[in-house]
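Asker: Sharing a structure, written as structure tokens. Questions coming.
Every number here is computed from the coordinates shown, using simple stated rules; none is lab data. Because the structure is a prediction, the values reported are computed rather than measured. Quick reminder, even Gly has a Cβ in these numbers, built from the backbone with ideal geometry, and neighbours come from all protein chains shown.
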Amino acid sequence: MILKRTFNFLLKSSLIIGVLMLVSCGENYVPKPKAYLRLDYPRAKYIEAKIDVPFTFETNMLATKINSKNVGATTKSYGLNLEYPTLKGTIFLTYKAIENDKKNLASFLRDARKFTEKHMAKADEIPEYPYVNKEKKVYGSFVEVKGNVASPAQFYVTDSVNHFLTGSLYFYAKPNYDSILPAADYLQKDIKHIMETIKWK
């Protein structure tokens, strides 16, 4: 009788322990919050770019390489690359002199617009912000291109008489909007600073 009770007790205990073990082994799946890559960039320090072109502007000291070359048949067209090795990006600038009684200005504006329109197929949104500085005679537009596009920002500025400058931002990576967003935001501020500090010679 005692043996039977002991056996029943052990059997019940084993079943209870077994059930508790099965229940405790189950994993509770809790959705994890979205993780974002935290990238801290140094505060921008701007200096005047020392380049022999028909305008001056201030550039971020992070732009360690600034290359300039003639891109036209004459010395009235220049290409400038502001390279940011730590951000793996480059701001490409192209300067063109306005000639022929402003006839080529319309062509320059058309080309700048077409360049932005090329990104429409892959862009989620393309907000455009006009820029006007009457005192410095600088008029233009800044365009942010949101989405998985090759160039997340473009701009142009002109005095409508002699000078026209256009620029675009590129990264040395496959376009992925979420991953380049912190660097794109940082360099877009640099582009706006370039626009604000342009002085025509």
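Asker: Mind checking the full-extension length gain between residue 174 and residue 160? Use 0.36 nm per residue of separation minus the Cα-Cα distance, one decimal, nm. Provide the component values of the computation, followed by the final result.
Answerer: Working: separation 14, 0.36 × 14 = 5.04 nm, distance 3.60 nm.
Going from the current span to full extension adds 1.4 nm.
Asker: Sticking with this one: Return the Rg/Rh value of the stretch 46-200, two decimal places, where both radii are evaluated on C-alpha atoms and Rh is the Kirkwood radius.
Answerer: When Rh is taken as the Kirkwood radius, the ratio is 0.95.
Asker: For residue 45, list the lysines whose Cα falls under 20 Å from its own Cα; do not include residues on the same chain fewer than 8 positions away.
Answerer: 65, 88, 189, 192, 199
Asker: How large is the dipole of the stretch 145-195 about the Cα centre if only Lys and Arg carry +1 and Asp and Glu carry -1, each at its Cβ, rounded to the nearest 20 debye?
Answerer: Numbers: 4 positive and 4 negative charges, 20 e Å.
The calculation lands at about 100 debye.
Asker: Please report the orientation-averaged projected area of the stretch 154-193, defined via the convex hull of its C-alpha atoms, in nm².
Answerer: Mean projected area for the stretch 154-193: 3.3 nm², to one decimal.
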